[in-house]
Amino acid sequence: MSNVLTAQPRTEKGKGPARRLRQKGLIPAVVYGGKATPTHLAVDPKALMLALETPNKFNTLLTLKTDAAEKHVLFKDWAVDPVSRELLHADFLEVALDKPVKVSVPVVTTGRADGVAAGGIMSIAAHEIVLEALPTKIPAKIEVDVTPIKIGSSLHISELKAPEGCKFKYSTDYVVVFVSVPEKEEVVAPVAAVPGAEGAAADPYKRFHRGI
């Protein structure tokens, strides 16, 4: 199942036509992928952001619908105004429902690491994991149970089990989560008081007062 997003064909390109589109409440968009050449469209940015309000967020499968055809797409890239942060442009990747795609999925930890209970500090080294899955099987998150991680130990990508129908894609066995040994606080020894130093510190000009 996917969310439907209506789009309009777009023939004009450049800053001028793009500005006129935005005045109408639309933004320019391009669909890449597939065997055809890129398709230039115009979409409503508010409708696009609404269609992405799912647990999968930017990995939400969309049905881009025009008068001529429908395309299954993923939202892949965008441009925003540096001041207003409004969406200015959108790029989509056309996908086939029966062919896997490569996407980045956020990591969510569960449980409490044994190392944290022992006083260690847990850190997430990889906040996203790249995986391959069918467009309809993309998970919203990758849950990582950190309970077994001891202090001074880590959990690598090869130790995780991919969700059903998914395959993790990696070239090196990188660390996902680790628990480090806390740094010991440096203890500063108190400085021994020098006889008469307290008075000298209180009045550094005392020796000049004599005889005045």
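Listing for the model above:
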{"quantity": "Relative contact order [Cα under 8 Å, 6+ residues apart], region 68-139, whole percent", "calculated": "30"}
{"quantity": "Region 117-162 shape via C-alpha gyration tensor axes, a/c threshold 1.5", "calculated": "prolate"}
{"quantity": "Globularity ratio of region 58-97, using Cα Rg and 2.2 N^0.38 Å", "calculated": "1.37"}
{"quantity": "Cα-based Rg and Dmax for region 1-65, where Dmax is the largest Cα-Cα distance (Å)", "calculated": "12.6, 37"}
{"quantity": "Partner aspartates and glutamates for LYS169 [C-alpha distance under 16 Å; skip if fewer than 8 residues away on the same chain]", "calculated": "GLU128, GLU132, GLU159"}
{"quantity": "Three-way shape call for the chain based on the alpha-carbon gyration tensor, with the a/c threshold at 1.5", "calculated": "oblate"}
{"quantity": "Under 18 Å from the Cα of LYS35 - aspartates and glutamates, other chains or at least 8 residues apart", "calculated": "GLU70, ASP91, GLU94, ASP98"}
{"quantity": "Of PRO45, HIS89, GLN23, farthest towards positive along the dipole that unit charges on Lys, Arg, Asp, Glu beta carbons give the chain", "calculated": "GLN23"}
{"quantity": "Relative contact order computed over the chain (Cα-Cα under 8 Å; 6+ residues apart), in percent", "calculated": "16"}
{"quantity": "Long-range Cα-Cα pairs in region 86-190 (distance over 17 Å), rounded percent", "calculated": "61"}
{"quantity": "Residue-averaged 222 nm ellipticity for the chain, from DSSP H runs of 4+ at -39500 (n - 2.57), nearest 500", "calculated": "-3000 deg cm²/dmol"}
{"quantity": "Percent carbon-and-sulfur accessible area, the chain, ignoring ligands, DNA and RNA, probe 1.4 Å", "calculated": "55"}
{"quantity": "Computed accessible area, HIS72, all protein chains, 1.4 angstrom probe, square angstrom", "calculated": "60"}
{"quantity": "Residues of region 66-115: accessible area per residue with a 1.4 Å probe, Å²", "calculated": "59"}
{"quantity": "Selection of chymotrypsin sites (Phe, Trp or Tyr not before Pro), region 66-146, meeting DSSP coil and at most 12 other Cβ within 10 Å", "calculated": "none"}
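The values are calculated or read from the model by the stated rules, or taken from the named source; none is laboratory data. Being a predicted model, the structure only gives us computed values, none of them experimental. Quick reminder, even Gly has a Cβ in these numbers, built from the backbone with ideal geometry, and neighbours come from all protein chains shown. Note: accessible area is taken over every heavy atom of the protein model, side chains too, but ligands, DNA and RNA are not part of it. Shrake-Rupley method; radii C 1.70, N 1.55, O 1.52, S 1.80 Å.
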